[in-house]
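Beneath this line is the structure, given in structure tokens, with notes to follow.
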Amino acid sequence: MTIDEALNIIDSALQPKHLNDTQELVFRQSWVGKSYAEMAVTCGYNEDYLKDIGSKLWKLLSQALQQEVRKSNLQVVLRRWLQSQNEAIATAISIESTDAPVEIALPTPLQDCQVDWGEAMEVYTFFGRTRELEQLEEWIINQHCRLIAVLGMGGIGKSALVIKLAEQLSASQEFKFVIWRSLRNAPRIEALLADLIQVLSGQTETEVSLPKDLGGRLTRLLHYLRQSRCLLILDNGETILQAGTRVGHYREGYEGYGELWRQVGELRHQSCLLLTSREKPQEIALLEGDTLPVKSWLLSGLNLVDGQALIQETGAIAQSPSDWEIVVQHFAGNPLALKIVAAAIEDLFGGSLSEFIAYTQQHQSSLIFDDIRHLLDRQFNRLSDLEQEVMYWLAINREFVSLYELKTDLVSSTAQRHLSETLSFLARRSLLETQMMSFTQQPVVMEYVTEKLIESITQEIITGEIDLLMSHALIKANAKDYLRDSQIRVIIEPILASLDSSHPNQVETLLNRLIKGLHEQYSHIPGYGTGNVINLLRHLGQDFTGYDFSNLAIWQANLQNLRLHHVNLENADLSKSVFSETLGGIFKIAFSHDGKLLALGDSDGEIRLWRVRDRQLVASWRGHEGVMSGMAFSPDDQMLVTASRNTIKLWVIGDEASAPRQPLGQSLRTWSEHSGWIRYVDFSPDGHLIASAGNEDRTLRIWEVETGECRHILVNPGGSVLTCTFHPTEAIVATGNGDCTTKLWDAGTGECLQTLVGQSNQIWSIAFSPDGKILATGDAGGTIKLWRVETGECYATATGHIGIIYNLDISPNGETIASAGSDSTARVWSLDTGQCLRALLGHTNSVFTLGFNPLNQTLVTGSFDRTVKFWDYQTGQCLNTWRGYSNGVCAIAILPNSTLASGYHDGLIRLWNLKTGTCIQTLAGHEDFVWTVAASPDGQFLATSGEDRLIKIWDLATGECCKVLRGHLSTVTALAFSSQFVAAVARQEAEGILVSASYDGTVKVWDLATGSCLRTLQGHLSWIWDVAFHPDGQIFASASFDHTILLWNHQQDESLQVLTDHTHWVWSVAFSPDGHNLATGSGDHTIKIWEVATGECLQSLPGHTSWVLTVAFSPDHRYLASGSADNTVKIWDLATGNCLHTLEGHVNWVWSVVFDEDSETVISGCQDETIQVWDVKTGERLRVLKGDRLYEQMNITGVTGLNQSQHHALQVLGAISPYK
């Protein structure tokens, strides 16, 4: 019995009660034999408190299970109880009885059933099925069945039947939730469960917060199925089952669905899961029974009357009543078969059934219906080549597709010319579904055509004789994200699996052979062949270095974030392919008020203007040095204001961005009067004023656009001004402040009109509704409050985010509010009620910015993960992702023999020879930013960590990862080895102590010999950015955004000392070589030197003009180096406290500095993608190290299919083009 199975048993026994979070924690820890003392260490609770919780829990369980439960006998009692329940069920089954199953007590009928139809189709016509509907309703409503399978062959009408049933039940108020999901695109079980739980939890539980394991997610689903009466409908269950094997067995990787059926069918709850499938899963076959809450219904065809009605709807006529009977019976009443045959009769025999029957009898053609596939085989084989080509494209597109998009998919002009006629023919054969001039296929038809496509493509790859591979894209690189993911699952992966099955370990060879054939036969010929091969090889993880694709058409290739070093694309046609953009972390986005332009501001200070209509880059220029913190269009869209650090710039855009009044990239005006970071800027509704929020100087400033004068400097004495926005119709500015207040200011007089109080965290984001009547505020604790401006009343509070809410925006219709959070999610809420409507998942780092498109229901989000995502905020589907690429240096560490280790944004660790400036080794293993690298004291091992929450230990002799440490719940920002480190050379393992810090607010102490976490230290109130060990190997320091430094002994649970003189975030910490002093760098622009023994601040070193991100002592204890968000490195004389050199050369934040072993050079790693080596005595820059970019030395000479901005972006990312 697993722990999750045990928890399910407990939930069943305690009905209607459930364990709370603390009880569940004690239960889980007790199950694995942890003592209360051990629980207290790992979970952060007081030991006595946990004992009290445990005592009450065992009493509660003893009453529920009717036998004594103790911490020591927990597993024994539950196994004994489960055995007794199974025996009781077996006894009940063995007794022949007509008694109804035991009823589960249900709540009174529910109001306001929440229906989520997902991808359910519209059922416009429906014939018969009265008996089936009545029986299914009886099972669900009266017998309270938990799991029901509606089975039947393809086309028999399972989906239509269940949709009709769901419509009836949703109107009956029996259910709080009715949720429909299609399995047609074979979603992974974990993704499906996350989707269902997200809906059932009111968007409070998402992929980010859910357990990663299947058992944990099933437990959460069962929790909601017990909490509310829910009807879950999963359609097309056969797609997760393995074809060609024993009935009811699963495709590889989909076995978890069996556990879903088992738990839903076996464990007690008040809900129902309804599955449609062509096959019965084996678990349902084992669980079902007349007196059990698991049932299945084998759906047969329509009866004569209903079948006749369906055929007659097409206009068919019969001379004799027996003709109807012959056709309906011969096709077993299968609705899809009858529709297809009726269309053929209409097309070939003028709608006369009699003539059709006479013809088949005369030609001795069989009407006997065996399987829908045979009918589709006959129908498909009768199609023209052009009709088959379109059918394949409809299957590839996976959903309704417009006539225009289908036409652009087709390669030949002949096919494009005859497309409308072709679609008309297919519609007459009932092979299409149409909806407002868009087209798709019924699920059974789409599956059939997809299978034929996979079979044909597989054979073409094996034989090398390609046809479909040239005329059809297996995935569409420029498709909506969720569609491309589906195409990978149902087309790309099955093709590769089929190839590997028939030609084990030869798939790459077969695909590489195709490239040679493409060069020989298809140079300069349009088509999808090369793009398909690239996409297949990419899915296999192929290294493309040195590949030659010159003179080939490369259509629909997904080249985003794909390393194409030294790849030859000379004279290639790159139409419809997608590449990475030159985007850093996205900090600001802004739509023009007419919805025509989208502006982006990133971590590199770049400003980019995109035309929304076709998503083409109109212009880009370097607007600032470093992170963009503010951006807004003027009300007439003629100007753009931006902010970074303490600078505001005003730019002319013009009526048409493609033809501005003056060159873009030249600012009209620059303001630099703020004395610290500016967090936000906004235009007044008349465009005459600009407001700016000063984070560090605690001011709101009002600027006159025409004269450039500062009209008001409004000071918030309580704390920082973190955000500001103008009222949409009046000269009123609202500010969100560091003292947890929201203030409304008169921009004309400077008077504070109103102060809103009620939030317990700093206000980071703020937004007015379009009519100005509602104000929304978001804080650092993940809470949104909605205020009525006229009265100052807070009428709703919304929670769901974990951490800071960086940005808010309200939809143009004033009904919806969107929020962007540090928890990597965006959320959509009802402005009326504050209810979370949807959580938008997909970013892998903080979401800093978002905005509603003024023209449609698109929401755009921007993240530090270098992506911009376009969402349909009504459905939550991600429509498109722009992937940027920048490769900043996050961390560096000195190694023996003049070697430097460096961690990058691209997840790679690069080792450099400092004497030659060459990269000598690359370590790959992280999925995202590597924020920290730490060398073991003996230089034999390297520890790395970052966004993926993993800590990896590398053996530098072999370049292999020898250990992975897991436990942090968020980004791991810092690592430090204790000097009491031992390298177990014989076992090639590291032994000793490592400490790690994280955004999750904890420090963990690790035993490297075992890989276990010895203790989790909690003392900081915010993110922890840095840790450093004292030379004695016992004491270490941690630096946090709560403005403090804590000193710890790694063998103790409580901190030894708290250092509190900084007034802003503490970014960095370092011990002097003799251990007497500690240096810290802070967002207050200072470096402080502390005496370790007393905790006294000995010295404060001012000089930087922005955050001090990193500090390091020289090994000879003569110098201190510091790196800052002001883009400089400073070298300080420790004896005098004087700044010896300010090293200028970087153009972005300096994240890391280290001295070499002889203290003669200092090395700096920067967001600008460079590592720079400096002479300590002279301040001279000796060398610049830069890693290979994404498209380094990729030859794009003579390429076509790119516009000028795309061509430029590829060159910025390393591509070469000898002539322009």
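Computed quantities for the displayed model
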| read-out | value |
| --- | --- |
| Potential lengthening between Thr204 and Gln980 on full extension [0.36 nm per residue; Cα-Cα distance subtracted] | 274.9 nm |
| Principal-axis tilt of helix 507-521 within the chain, Cα atoms, nearest 10 degrees | 80 |
| Between helix 529-539 and the chain: long-axis angle, C-alpha atoms, 0 to 90°, nearest 10 | 70 |
| Interchain or long-range residues, amide H under 5 Å from Leu1143's placed H | Val1129, Lys1130, Ile1131 |
| Cβ-based charge dipole, the chain, positive-most Cα from Leu942, Gly884, His593 | Leu942 |
| Under 5 Å, built H, 5+ apart or other chain: amide partners of Gln616 | Arg611 |
| Charge dipole (region 892-1060, unit charges on Cβ, about Cα centre) - positive-most of Ser1012, Ala957, Ile909 | Ala957 |
| Pairs of Cα atoms farther than 17 Å apart, region 781-920, % | 65 |
| Set of aspartates and glutamates with alpha-carbon distance to Lys176 below 12 Å, sequence-local pairs under 8 removed | Asp112, Asp116 |
| Förster radius 35 Å - calculated FRET efficiency between Thr1063 and Asp1158 (Cβ-Cβ, nearest 0.05) | 0.45 |
| Value of relative contact order over region 351-510, rounded to a whole percent, pairs C-alpha under 8 Å and six or more apart | 21 |
| Computed lengthening from His524 to Met437, 0.36 nm per intervening residue step minus Cα-Cα distance | 27.9 nm |
| More than 43 Å apart - percent of Cα-Cα pairs taken over the chain | 50 |
| Cut-off under 5 Å, modelled amide H: who pairs with Asp573 long-range | Leu552, Ala553, Ile554, Thr1200 |
| Note, ³J(HN,Hα) from phi for region 737-751, Karplus 6.51, -1.76, 1.60, rounded to Hz, x at Gly and Pro | 10, x, 8, 6, 10, 10, 10, 10, 10, 7, 5, x, 9, x, 6 |
| Whole-number D in µm²/s for region 526-666 (Stokes-Einstein; Kirkwood sum over Cα pairs; 20 °C, 1.002 mPa s) | 125 |
| For region 627-853, size of Cβ-based charge dipole, Lys and Arg +1, Asp and Glu -1, in debye | 600 |
| In region 863-961, the trypsin sites (Lys or Arg not before Pro) that fall in loop regions by DSSP, at most 12 other Cβ within 10 Å | Lys915 |
| Cα-based reach from Lys773 at 24 Å (exclusive), listing lysines while leaving out same-chain residues under 8 positions away | Lys743, Lys785 |
| Two-site FRET efficiency, Asp377 against Arg966, from Cβ-Cβ distance with R₀ of 45 Å, rounded to 0.05 | 0.35 |
| Dimensionless Rg ratio for region 1158-1206, taking C-alpha atoms and the 2.2 N^0.38 Å reference | 1.81 |
| Magnitude of the charge dipole, region 892-1060, Cβ model with Lys/Arg +1 and Asp/Glu -1, debye to 20 | 240 |
| Residue-by-residue Karplus 3J(HN,Hα) for region 1073-1086, coefficients 6.51, -1.76, 1.60, Hz, glycine and proline x | x, 8, x, 7, 10, 10, 10, 9, x, 9, x, 7, 6, 10 |
| Percentage relative contact order, the chain, counting C-alpha pairs under 8 Å, at least six apart | 5 |
| Acute angle (nearest 10 degrees) that the helix 3-14 long axis makes with the longest principal axis of the chain, alpha-carbon atoms | 70 |
| Positive minus negative residues near Glu706 (Lys, Arg vs Asp, Glu; Cβ under 14 Å) | -2 |
| Integer Hz, Karplus 6.51/-1.76/1.60 couplings in order for region 1201-1211, x for Gly and Pro | x, 10, 8, 4, 5, 5, 4, 5, 4, 5, 5 |
| Total charge dipole magnitude, region 122-298, about the Cα centre, Cβ charges on Lys, Arg, Asp, Glu only, Debye to nearest 20 | 40 |
| Leu286/Thr130 FRET efficiency (R0 22 Å; Cβ-Cβ; nearest 0.05) | 0.10 |
| Charge dipole (region 172-231, unit charges on Cβ, about Cα centre) - positive-most of Leu196, Leu218, Trp180 | Trp180 |
| Sequence-separation-based contact order of region 892-1060, relative, with Cα cut under 8 Å and 6+ spacing, percent | 12 |
| Arg70 paired with Arg417, simple spin-label distance in nm, labels 7 Å along Cα-to-beta-carbon | 9.0 |
| Of Lys1004/Lys1177; Lys588/Lys1177; Lys164/Lys339, those spanning more than 30 Å from alpha-carbon to alpha-carbon | Lys1004/Lys1177; Lys588/Lys1177 |
| In region 746-844, the GluC sites (Glu not before Pro) that fall in loop regions by DSSP, at most 10 other Cβ within 10 Å | Glu790 |
| Three principal axis lengths of region 892-1060 [C-alpha, angstrom, descending] | 43, 33, 27 |
| Within straight-line cross-link reach of Lys480, lysines at Cα separation under 16 Å, skipping those fewer than 8 residues along the same chain | Lys576, Lys869 |
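Where a number appears in this text, it was derived from the coordinates with a stated rule and is not lab data. As the structure is a prediction and not an experimental result, all values here were calculated from the model. All Cβ positions, even for glycine, are placed from backbone atoms using ideal geometry, and neighbour counts span all protein chains on display.
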